[in-house]
Amino acid sequence: MAAEIHSRPQSSRPVLLNKIEGHSDGVNAAVLIPKEDGVITVSEDRTIRVWLKRDSGQYWPSIYHTVSSPCSSVSYHHESRRIFIGQDNGAIVEFLISEDFNKMNHVKTYPAHQNRVSELIFSLESQWVISTGHDKSISWMSTQSGSMLGRHSFGSWASCLQYDNDTQHAFVGDYSGQITLLKLDEQTCSVITTLKGHEGSVGALYWDPVQRWLFSGASDHSVIMWDIGGRQGRTLLLQGHHEKVQALRYLPLTHQLVSCSADGGITVWNMETTREEAPQWQDSDSCQKCGQPFFWNIKQMWDTKTLGLRQHHCRKCGKAICGKCSSKRSTYPIMGFEFQVRMCDDCYDTIKEEDRTPLATFHEGKHNIAYMDMDPSRGLMVTCGSDRVVKVTHSSLSF
């Protein structure tokens, strides 16, 4: 719910336009209707609701539809007004919404998964509905015939999904912290690569097809930008949250990334600036600064008659160091560290004050954020979560 975002976030406050209440359980997704003062919500209370803004300025439900199982995810295609709802029982239900948004007709039910649908995407170009589920699989089904075209299984829950229409590549994040890149074809698929970088379950993905950047957010509180198009394995680590990251959106016109976390934190990252990759952590049996042995280095401990020390790592150079040689802490935004992190004494001394200038701004959504959608052309953002509240805010992003 960040709005009027400036370089000094403490002096700017989010502009809350509307608060939508009335759900009896957590709201799993909320989508802004393009060119309309409307919001579509799906909830754990088994309802699909279309909210339209009335003359009073408040949102009231023009469609209130109940299905057989809790609604876990949604994909809405505005041009055709087709809406696909993922459910806790593994099914996907397709509806067609009327032009006046007052009626919704059932089209098909797709038996996509054996367990909860975690995310789904409708591709008009492919005429597929692609989905991931807690049955540890991705499936893609024909929206023309309603039949299953293909399925691929993973080693853990598939938690989030992105899809590139032009190349038919799918990105799947899972609970082990991995992201799998697959090429989908009619009835078959091939695994292209697996991206490993998170230390916790992946909770959100966002794909920008122009820059060919993939953004991922995880329960390790971090965001990673994967430069898929560069084909050099370049990754940028972004650390600016205190809780698990659950929603992402890249804004190409302003070169900004918006990330939201479970505690309501909203971070806006400047992606136009030149950034540096964080180093890989080095392995060593002794401190790479003073040479003191780490506690598993029994031989050196015995030879030098000293106690082993705990191993740490400098976030700037990646060297393995002891606590005495890394007593300093600093931010280093150019490498994605917006909060203070451990530095070895040598690296700390090289950091100038201008190097600590933030490259992100921080804002409070003031409620649990499990899902976020934006309409940059109107400066609108909608957020929802387990507190059953949907918030529509103005979010004119600028650094």
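The values are calculated or read from the model by the stated rules, or taken from the named source; none is laboratory data. Quick caveat: nothing in here was measured; it's all calculated off a predicted structure. So basically every Cβ, Gly included, is an ideal-geometry build from the backbone, and we count neighbours across all protein chains shown. These area figures cover heavy atoms from the full protein model, side chains too; ligands, DNA and RNA do not enter into them. Shrake-Rupley method; radii C 1.70, N 1.55, O 1.52, S 1.80 Å.
Per-structure values
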item	result
Net charge of Cβ neighbours under 14 Å - reference Leu257; Lys, Arg +1; Asp, Glu -1	-2
Residue of Glu354, Glu36, Glu186 that the Gaussian network model of the chain assigns the largest fluctuation, springs spanning Cα pairs under 10 Å	Glu354
Carbon + sulfur, % of accessible area of the chain - ligands and nucleic acids excluded, 1.4 Å	46
Residues of the chain: accessible area per residue with a 1.4 Å probe, Å²	45
Euclidean distance of C-alpha centroids, the stretch 79-100 and the stretch 356-382, integer Å	27
Spherically averaged projected area in nm², based on the convex hull that wraps the Cα atoms of the stretch 78-196	7.2
Mean residue ellipticity (222 nm) of the chain, computed from DSSP H runs ≥ 4 via -39,500 (n - 2.57), nearest 500	-1000 deg cm²/dmol
From phi via Karplus (6.51, -1.76, 1.60), per-residue ³J(HN,Hα) for the stretch 120-136 in Hz, x at Gly/Pro	8, 9, 9, 10, 5, 5, 8, 6, 10, 10, 10, 8, 10, x, 6, 8, 6
Centre separation in Å (Cα based) which lies between the stretch 289-303 and the stretch 149-224	41
Lysines with Cα under 23 Å of Lys366, excluding same-chain neighbours fewer than 8 positions away	Lys19, Lys53, Lys244, Lys391
Summed side-chain charge close to Ser137 - residues other than Ser137 whose Cβ falls under 14 Å, Lys, Arg +1, Asp, Glu -1	0
